[in-house]
Structure formats: C-alpha cells, structure tokens
Amino acid sequence: MSRVAHPAGPRHADVLPAEHAPNPPDDLNALDPAIWPRSARRADGALTIGGIDVRELAARYGTPAFVLDEEDFRGRCREFVQAFGQRTAVFYAAKAFCCRGVLRWVAEEGLGVDVCTGGELEVALEAGVDPAMITMHGSNKLLSELERAVATGVGHVVVDSFEEIARLAFVTEERDGVAGGVRPARDRIAQKKSEPRPPCVLVRVTTGVEAHTHDFVATAHDDQKFGFSLASGAADEAVRRVLAAPSLDFAGLHSHIGSQIYDTAGFDVAAHRVLELAARIRDEHGVHIEELNLGGGFGIAYTPADDPADIKVIAQSLHQIVATQCAAAGLEVPRLTVEPGRAIAGPGTVTLYEVGTIKDVDGLRSYVSVDGGMSDNIRTALYGAEYTCALASRESAAPPMLSRVVGRHCESGDIVVRDTYLPADLAPGDLVAVAATGAYCRSMASNYNHVPRPPVVAVRDGAARVLLRRETPEDLLSLDEG
C-alpha cells in the first residue's frame, strides 16, 4: 500500500497515514519486473542490466550514473506504435528525457518527437528527426523559437495563447509573403507542393477535467497556465483567430489532462468536451478537424502499489472513446495523436549510487547517504514522488532496515527515496540502485552546490556506451566569466 497519496492520486482505500511506515518486502533481493528494466537480473548476487554487471559499470563510468536499457526503451516505442495502430500518430515527449541518441532511436522505431523549447528542437534536428515528424509545444514560445520552427518546417505547432497565434501568423506571413484576407482551410489543402507549407496548427484546449494527479502535474483545470479554456469560450475564439489567419493552417485540437494517469476515465470526459468544440467548429465554420491530440500522461509503476493499465488496453479504450463521441456528435473520426514520454523513457533506466554514510536515528530509521541527490532527482522533493530502491552490488540475507535514502546536498529536503527497506548489513561502498528514473530525473537535473550532472550510459546485449558524458568541474568553470 502507498504511504501517501501517489502522484497519480489516491486509489480506493489503500493510502496509509503519513507517519505510517510501509511494510517490508518479502524478499529484499527480488526485482519486481513491473518496476525494474526488462533486462534487469541478478548474477552472482549483483544487479545486471543489458547483460552487464553494475559493479563493472560503476568502475568504468563512476557514480552516480543513469543506466538506460536500450532494448527496453525501443521495445516500448514499438509497443505504442503497434497498440495504437495506423490511425494514430505516436510522438515521443522529449521533455521526459532528451538527447540525440535517444531521439534517433525514437525516429528509427517510427515515432515522431514532441518538443517544447528551442533547445529540444535543436537536439531533434541534430538527431536527424524529420521536421515533419516534430510537434512544437510550449506555453510561451519565444519569437525566435517560432521563427526556427517555421523555417525548419516542423509538422505541427500547438498554440497556447492569443498572443502566440498573432506571433505565429506574423512569422509565417513574413516567410510566405501572404497579404491580408482569409484563405479557408479547405482551400489550403489544394496548395501546390512547391509552395511553402503553412504550419499545421493545433489549438490547445483546457477541458476542466480533474486528472487526479498532483497539482504540479495536472494540466487541464482552468486555474493554470496552459491552453485555452472551454468554459470561458476562449477555445472557440482561438479557433476563429487561427482560421482567420491566411498564413496558418488549422489542423485540429489538443488536450492534455495531466501526468502519471492510470486509467482512461479522464480521457473519456476530455474527449467528449473537446469533440463538442469540434462540432461547434463544424457548425460555425464548415470545417472538420483533421486531428485530435489527446496528449500523454500514461502512468508507470514506481512502487509495488502502482498498477498502470496495459498500453494495449489504453489504446483500445481511447479509440473506442473517440469513435463513440464522434458518432454521437455526427463528426468524421479525426486522426488520433498521443504523446507518451514517461511511459517510454521511465521504466528502463535506473540510477546507480554508492553509499557514503549510514546514520541510525533513534531507532526510527537509518539515513543512507549516497553520492547523488536532489541534483539528479528533484522529483521526491518537488512533489513527493516515490521510488523503489535495492542493494545492487551484492545480495544479502540480513534483516530489512527501514531506510531513507538521502543525497549529499545541504538541504534537509534532499531525499531520493523517502521510505524503503535495505539490508541491515548495508555498508559504505555498497552500490544501491533506484528504479524507474528514466523520465524527468536527468531532464530536471541541476548543478546545485556546483555538483556536476551524472552521465547517461546505454546498455544492450552486454555492451555499454555513453549517451551523455559526466559533467566535470571544468565544464562548470567554463561558464564562469568572473
């Protein structure tokens, strides 16, 4: 059972009081396949990933280090494409974890890439991702970012404010030399291939759906920064403005209800509300939306208490939801788009740490200090995320010891795993691994206390290679102009 409300929200009656410690596992050496990378095993007592002993990885690359199971990542890409089928476009949300190597894998497995900053866009382009397979997000895109997106020919731009619609129209008019006047969307389809293609624009809609998630990762209620509100009529007006811009091509609607979501109930309500807007667009403008992007947010298992739905079940449910809602509204079924990030990147990576000190605190618990911390995993401090942790360099028959894994930073909130059980014979120099750290840990990493960020090492079939090298003090000093 979960000790506190999970980032995906409390489920049924399985939430224990905050002061109640979790129950110890039956086997401290076991690796739950729902949580650990698919290639994770124990060999001679030590954890292996991708066929490589983590002790060897620590010796070669140091700690802390992110160890990424390449086949796990690629396999989840393939499963999303297969589960959703030909009528759906799958775009990997690069914000979960972004580097050239990973985005190459994504493109090779047939996915597009969803970026939300100019920096992520540049990585995607450097990785060789087809610009037509890139979607540009962002709640406050810089003018320079819009210019770059238009110049490189990104496939879609998701608009998020009235100001952004005006900026994007200005940028595209400057490029295309389009004068005033309205060009209906149906005429744009007949545009000659030799002419510059206007950006396909999706209007991000705030549906008011409660995603049952943490406030910091819930994105569809009205009182937040993303999108155009349905309730206020802003979404309808945004569509009018996009259609009125002669240099813009209105493609459809976008809705993202939050993160770490375990069922499709919220998607059902959101799709219903968005498709009601689609019906109004048809009635007012004579335009059928070509695309419906329902975002991402599909949950993963961080602890044994987590029970995410199988992606095949989610895909079937979302297709059925959209088909049912379209039939009820008399709408043509648009192409469905989804944007998984965490569900692809999260489960296949572990963070490897070395234990430095162990302090027993009045018999309450032991504080296990490791050589990383909130600079490589801010999620625990930021919104109480929970993780599974295990002794990685050996097996142990010692009894379980209630532990709090903490980092090396000068903050009392520098906690990596709030409550876990480790063997009572744990000692300095042991390696511990924290599971499911592939999403948002390296992406949100910092240099707090001037600690260099860890490397990301990909492993597969007994071979390892560095995707992102470890930062050095020289890297940090190179930015210091003082």
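The values are calculated or read from the model by the stated rules, or taken from the named source; none is laboratory data. Here the structure is a predicted model, which is why all the values come from computation and not from measurement. Cβ sites come from the backbone with ideal geometry, for glycine too, and all protein chains shown count toward neighbours. With ligands, DNA and RNA removed, areas are computed over all heavy atoms of the protein, side chains included. Shrake-Rupley method; radii C 1.70, N 1.55, O 1.52, S 1.80 Å.
Quick notes on this one:
Results for (1) under 30 Å from Leu336 (Cβ atoms); (2) buried (at least 22 other Cβ atoms within 10 Å of the Cβ); (3) out of contact with any Phe, Trp or Tyr (no Cβ under 7 Å at 6 or more places or on another chain), shown as yes or no for each residue.
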| residue | (1), (2), (3) |
| --- | --- |
| Asp53 | no, no, yes |
| Leu57 | no, yes, yes |
| Gly62 | no, no, yes |
| Phe66 | no, yes, yes |
| Asp69 | yes, yes, yes |
| Asp72 | yes, yes, yes |
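- Take the conditions (1) surrounded by fewer than 20 Cβ atoms within 10 Å (Cβ to Cβ); (2) closer than 24 Å to His319 by Cα; Cys99 misses just one of them, which is (2).
- Taken together, Pro196, Pro246 contain a single residue that is closer than 18 Å to Val157 by Cα, modelled with pLDDT under 70, more than 20 Å from the chain's Cα centre (by Cα) and open to solvent by 10 Å² or more (accessible area, probe 1.4 Å), which is Pro196.
- Lone qualifier among Asp480, Asp425 - being in contact (Cβ under 8 Å) with a residue 24 or more places away in the chain and open to solvent by 30 Å² or more (accessible area, probe 1.4 Å): Asp425
- Test: residue in the range 170-192 that is over 20 Å from Glu237 (Cβ atoms), modelled with pLDDT of 95 or more, among the acidic types (Asp, Glu) and assigned to a helix (DSSP H, G or I): no
- Filtering the range 124-151 to residues that are surrounded by fewer than 19 Cβ atoms within 10 Å (Cβ to Cβ), closer than 20 Å to Ser443 by Cα and free of Cβ contacts under 8 Å to residues at least 40 places away in the same chain leaves Glu126, Asn140.
- Residue match in the range 104-112 (condition: within 16 Å of the chain's Cα centre (by Cα) and among the β-branched types (Val, Ile, Thr)): yes
- Lone unmet requirement of (1) in contact (Cβ under 8 Å) with a residue 60 or more places away in the chain; (2) surrounded by 19 or more Cβ atoms within 10 Å (Cβ to Cβ) for Ile415: (1)
- The combined condition, being within 26 Å of Ser39 (Cα to Cα), open to solvent by less than 10 Å² (accessible area, probe 1.4 Å) and not polar (S, T, N, Q), is fulfilled by Arg379.
Yes/no per residue for (1) small (Gly, Ala, Ser); (2) farther than 30 Å from Phe250 by Cβ:
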{"position": "Arg342", "(1), (2)": "no, no"}
{"position": "Val350", "(1), (2)": "no, yes"}
{"position": "Thr357", "(1), (2)": "no, yes"}
{"position": "Val368", "(1), (2)": "no, yes"}
{"position": "Ile378", "(1), (2)": "no, yes"}
{"position": "Ala385", "(1), (2)": "yes, yes"}
{"position": "Tyr421", "(1), (2)": "no, yes"}
{"position": "Leu431", "(1), (2)": "no, yes"}
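- Members of the range 228-262 that are in a loop (DSSP other than H, G, I, E, B) and under 13 Å from Val209 (Cα atoms): Leu230, Ala231, Ser255, His256, Ile257, Ser259
- Per the listing Val81, Val115, the residue uniquely touching a helix residue (DSSP H, G or I) at 6+ places or on another chain (Cβ under 8 Å), among the aliphatic types (A, V, I, L, M) and either open to solvent by 60 Å² or more (accessible area, probe 1.4 Å) or at pLDDT 95 or above (or both) is Val115.
- Taking every residue in the range 442-455 that is free of Cβ contacts under 8 Å to residues at least 40 places away in the same chain and pairing it with any residue that is open to solvent by less than 50 Å² (accessible area, probe 1.4 Å) and part of a loop (DSSP other than H, G, I, E, B), at least 6 positions away or on another chain, the pairs with Cβ-Cβ distances below 8 Å are Pro452/Glu471; Pro452/Thr472.
- Cβ pairs under 7 Å, 6+ apart, first in the range 92-105 and touching a residue at least 12 places away in the same chain (Cβ under 8 Å) and closer than 14 Å to Pro455 by Cβ, second open to solvent by 10 Å² or more (accessible area, probe 1.4 Å) and of a type in the set (S, T, N, Q): Phe97/Ser443
- Arg38 being open to solvent by 70 Å² or more (accessible area, probe 1.4 Å) and modelled with pLDDT of 95 or more: yes
- Verdict on Ala21 being within 23 Å of Val432 (Cα to Cα), modelled with pLDDT under 95 and not charged (D, E, K, R): yes
- Those strands (runs of 3 or more DSSP E) of the range 371-481 in which 2 or more residues are charged (D, E, K, R) occupy 415-423.
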